[in-house]
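So the structure is just underneath, and the comments pick up after that.
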């Protein structure tokens, strides 16, 4: 059929290589297409390549490419709205197809009821000062009605709802005495005509000394015993350091003790056992880097040249090394009374530190002050001491090895006792729970096996059995 049609059209000169099309909206626009792809180029929206320009419902001319009438009602006008608002008269600044919504035009500063100004608010907010966004942001200081503290806040904040961040400082029954919580966590409630303060739990660290070591409890403030220490073990020496938790079953060092000097010889005990040699009272004979004789006592590790009595700074020269008589370093004779430098850097005369460490309870001395024999460890009742100035524990001084080692062994023993007691309590609790569950199971079994009369009870059956 098409062959006949084409032949007829050829005879009339009514067929060619292109098809001529005319836009129904722009009649002067004629398009010629010869292939399917020409439609996408010449009529992408179903019309032509001219702008539509047909008037939309908003009154603006359509700015999209020419399209079919069925698509026209779905096109959104992208022009600025500029319609005058009925509530304020300002022109709308949004796109025409968008809802006008609230007036966003920035107006001049507005005087608020508090006397401050609201800076450059949008139009809608200037007409609704009750809105939360109209809250005054000027910072003021006010007394809070509950705790009576002065607090800096925004002028628009409600003082009755403001969270006071100052410390409560109310009286507490714990060892910290004063509450350190933020004030808002300890509200007050009316009890008759009086105001009763309710404190939140104390959040300070406990800080009490553990019974089995020199550590302080790091738990939040609590009642009762602090229990076992969970910090790293303090047991260490020149050979090694314990890596276990404090109070666990530590093994004392079995290496040879390193304490020795040219006058008193060396300690023959293992490193972890109390030393069997006596302390030496003579001055160290070694020479420091500066070329002067060491000012420390014999048997100790020589300090740095900054502790040389000749070369030291003015601060060290004027440092008090005898706290009782307030004697400075420059006024002592280190030949008679050598110094001992602590791990914290502070230093004192050996006579003064011996008194602090209660050496008379560890060794017996003659009339000249020389040590003659050791006191039995069973008779020693000592505790570890701290630096008189910074309160750092005194440790690492060979002269006081016997004190340190006895205290360490006692701490280890106390730690073992405490942890064993905790284990016993835990086991006893588990046994009690198991017995309770066993008794309940027995009663339930009796319910199934024993026929009961109206006057009988499970308890009667249990007692009779």
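The values are calculated or read from the model by the stated rules, or taken from the named source; none is laboratory data. Quick caveat: nothing in here was measured; it's all calculated off a predicted structure. Note that each Cβ is placed from the backbone with ideal geometry, even for glycine, and that neighbours are counted across all protein chains shown.
I'm trying to understand the selection: among the residues of region 112-134, which are touching a strand residue (DSSP E or B) at 6+ places or on another chain (Cβ under 8 Å), modelled with pLDDT under 80 and part of a loop (DSSP other than H, G, I, E, B)?
If the condition is that a residue be touching a strand residue (DSSP E or B) at 6+ places or on another chain (Cβ under 8 Å), modelled with pLDDT under 80 and part of a loop (DSSP other than H, G, I, E, B), then 129 is the only one that fits.
Residue by residue, here is whether (1) touching a strand residue (DSSP E or B) at 6+ places or on another chain (Cβ under 8 Å); (2) within 30 Å of residue 121 (Cβ to Cβ); (3) in a loop (DSSP other than H, G, I, E, B) holds:
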position: 3; (1), (2), (3): no, no, no
position: 16; (1), (2), (3): no, no, yes
position: 25; (1), (2), (3): yes, no, yes
position: 47; (1), (2), (3): yes, no, no
position: 75; (1), (2), (3): yes, no, yes
position: 88; (1), (2), (3): no, yes, yes
position: 93; (1), (2), (3): yes, yes, yes
position: 97; (1), (2), (3): no, yes, yes
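Sort out for me the strands (runs of 3 or more DSSP E) sitting completely within region 140-237 that have 1 or more residues that are surrounded by 14 or more Cβ atoms within 10 Å (Cβ to Cβ) and modelled with pLDDT of 80 or more.
Numbers: elements: 150-154, 188-191, 194-197.
Where strands (runs of 3 or more DSSP E) fall fully within region 140-237 and carry at least 1 residues being surrounded by 14 or more Cβ atoms within 10 Å (Cβ to Cβ) and modelled with pLDDT of 80 or more, they are 150-154.
Could you count how many residues in region 337-367 are in contact (Cβ under 8 Å) with a residue 24 or more places away in the chain and not in a helix (DSSP H, G or I)?
Of the residues in region 337-367, 15 are in contact (Cβ under 8 Å) with a residue 24 or more places away in the chain and not in a helix (DSSP H, G or I).
Quick one: residue 348 ticks every box in (1) modelled with pLDDT of 90 or more; (2) within 38 Å of the chain's Cα centre (by Cα) bar one, so which box is it?
(2)
Which residue is nearest to residue 259 (Cα to Cα), if the candidates are limited to region 297-336 and must be without any contact (Cβ under 8 Å) to a residue 12 or more places away in the chain and outside any loop (DSSP other than H, G, I, E, B)?
Step by step, filter region 297-336, then rank; the result is 306.
Among the numbered criteria (1) under 29 Å from residue 209 (Cα atoms); (2) surrounded by 20 or more Cβ atoms within 10 Å (Cβ to Cβ); (3) touching a helix residue (DSSP H, G or I) at 6+ places or on another chain (Cβ under 7 Å), which one does residue 273 miss?
(2)
Go through (1) out of contact with any strand residue (DSSP E or B) (no Cβ under 8 Å at 6 or more places or on another chain); (2) within 22 Å of residue 79 (Cβ to Cβ); (3) surrounded by 12 or more Cβ atoms within 10 Å (Cβ to Cβ) for residue 65 and report which single condition fails.
With (1) out of contact with any strand residue (DSSP E or B) (no Cβ under 8 Å at 6 or more places or on another chain); (2) within 22 Å of residue 79 (Cβ to Cβ); (3) surrounded by 12 or more Cβ atoms within 10 Å (Cβ to Cβ) applied to residue 65, the lone miss is (1).
From 130, 126, 34, grab the single residue that is exposed (fewer than 15 other Cβ atoms within 10 Å of the Cβ) and in the same structural domain as residue 153 (by TED's automatic domain parsing). So that I can check it myself, show each step before the final result.
Details: 126 fails: exposed (fewer than 15 other Cβ atoms within 10 Å of the Cβ); 34 fails: in the same structural domain as residue 153 (by TED's automatic domain parsing).
None of the others qualify; the one that does is 130.
Please tell me if residue 289 is assigned to a loop (DSSP other than H, G, I, E, B), free of Cβ contacts under 8 Å to residues at least 40 places away in the same chain and closer than 23 Å to residue 344 by Cα. Steps first, answer last, please.
On the way: assigned to a loop (DSSP other than H, G, I, E, B): yes; free of Cβ contacts under 8 Å to residues at least 40 places away in the same chain: yes; closer than 23 Å to residue 344 by Cα: yes.
Taking the combined requirement at face value, the residue satisfies it.
Test residue 302 against the stated conditions and say whether it is modelled with pLDDT of 95 or more and either crowded, with 16+ Cβ neighbours inside 10 Å or more than 17 Å from residue 399 (Cβ to Cβ) (or both). Spell out how you get there, then give the answer.
Working: modelled with pLDDT of 95 or more: no; either crowded, with 16+ Cβ neighbours inside 10 Å or more than 17 Å from residue 399 (Cβ to Cβ) (or both): yes.
Considered against the rule, which asks whether it is modelled with pLDDT of 95 or more and either crowded, with 16+ Cβ neighbours inside 10 Å or more than 17 Å from residue 399 (Cβ to Cβ) (or both), residue 302 comes out as no.
Just to verify a result, which residue in region 262-276, among those that are part of a strand (DSSP E or B) and touching a strand residue (DSSP E or B) at 6+ places or on another chain (Cβ under 9 Å), is nearest to residue 376 (Cα to Cα)? Even if it seems obvious, please write down each step before you answer.
Taking region 262-276 and keeping what is part of a strand (DSSP E or B), we get 265-266, 270.
Retained after the next criterion (residues that are touching a strand residue (DSSP E or B) at 6+ places or on another chain (Cβ under 9 Å)): 266, 270.
Numbers: 266: 19, 270: 17 Å.
Once the filter is applied, the top-ranked residue is 270.
Scanning for something farther than 20 Å from residue 396 by Cβ and either assigned by TED's automatic domain parsing to the domain that holds residue 288 or surrounded by 15 or more Cβ atoms within 10 Å (Cβ to Cβ) (or both), does region 343-353 turn up at least one residue?
Quick first cut of region 343-353, residues farther than 20 Å from residue 396 by Cβ only: none.
Looking through region 343-353, none of the residues is farther than 20 Å from residue 396 by Cβ and either assigned by TED's automatic domain parsing to the domain that holds residue 288 or surrounded by 15 or more Cβ atoms within 10 Å (Cβ to Cβ) (or both).
In region 320-342, which residues are surrounded by 13 or more Cβ atoms within 10 Å (Cβ to Cβ) and closer than 14 Å to residue 388 by Cα?
Across region 320-342, the qualifying residues are 320, 321, 322, 323, 340, 341, 342.
List, please: which pairs have Cβ atoms under 6 Å, are six or more places apart or on different chains, and start with a residue in region 216-232 that is in contact (Cβ under 8 Å) with a residue 60 or more places away in the chain and end with one that is surrounded by 14 or more Cβ atoms within 10 Å (Cβ to Cβ) and in a loop (DSSP other than H, G, I, E, B)?
Note: pairs meeting the criteria are 228/247; 229/210; 229/213; 229/215; 229/246; 229/247.
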